[in-house]
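Q: One structure, as structure tokens, below. Some questions next.
The values are calculated or read from the model by the stated rules, or taken from the named source; none is laboratory data. Please read these numbers as outputs of a predicted model, since none were measured by experiment. Glycine also receives a Cβ, built like all others from the backbone with ideal geometry; neighbour counts cover every protein chain displayed.
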Amino acid sequence: MDWNYVQSILNDLPRGYLRTGETFSWWQNSLTAGLVNYTYALDGLQEQYDFNNSSGPWLDTWAQLTANMRLTGESDGILQQRIKILMRQGRSTAAAIYNYVSVGLQYPCEVTENFVGPNYWEIALNQNVTKAVYQQVAQQLDQMRPAGVPFAMSVISGGLYLDSINYLDAPSVTGAYLTEPHTYVSTGIAATTNQSKPTLPTVYLSDPTLNS
């Protein structure tokens, strides 16, 4: 409620409760200020209860309820979108992993699967990023990847070229790759995928005496 609306209610009291003069006006203003601040705070609190309207630290709380957290520099809109992907869409499949990385984490990528011989899946980011970004992506995939599948990530760190082709009056043109050396990135992810657990410091969601 705004100031004018609160004052109109207070001034609509029976005449026996109203007075004239500055002192009574100050009293009415103090009551109005308290009620306006209270209703603004209450309206804001009710708005944050709605996930679609939450922002800032309140959205961080919603993230913790999904065993998640805001990434460095992540905006409210992207964090909210990532939480929705975790809660509403499937996991473990190549399509789910692709959607989470490309849409949820905002890193364009390609995800492929190998069904011949030892089964595995592979993800390649379509842009140059730091090793810290690879580690961050790997940690975020801990809840998206197939359960129980060991996970390793490697980054192509250069290559040796085989032969070269020279044209008349033209600079040398590099030939084919001889090899693609890989640098393995330590992800710290175990072979098992545990159930998602909220990271809020409360037992409300896990104590059966509080939440049946």
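Q: Hand me the list of helices (runs of 4 or more DSSP H) wholly inside segment 1-100 holding 2 or more residues that are within 17 Å of the chain's Cα centre (by Cα) and under 30 Å from residue 142 (Cα atoms).
A: The helices (runs of 4 or more DSSP H) meeting that bar are 56-65, 76-88, 94-99.
Q: Within segment 126-137, count every residue that is over 16 Å from residue 96 (Cβ atoms) and in contact (Cβ under 8 Å) with a residue 24 or more places away in the chain.
A: Narrowing segment 126-137 to residues over 16 Å from residue 96 (Cβ atoms): 126-136.
After this cut, where a residue has to be in contact (Cβ under 8 Å) with a residue 24 or more places away in the chain as well, the list is 131, 133-136.
Number of matching residues: 5.
Q: A further question follows. Kindly check whether there is at least one residue in segment 123-139 that is outside any strand (DSSP E or B), at positive phi and modelled with pLDDT of 65 or more.
A: no
Q: So residue 86 fits all but one of (1) in contact with a strand residue (DSSP E or B) (Cβ under 9 Å, 6 or more places away or on another chain); (2) in contact (Cβ under 8 Å) with a residue 40 or more places away in the chain; what number is the exception?
A: It is condition (1) that residue 86 fails.
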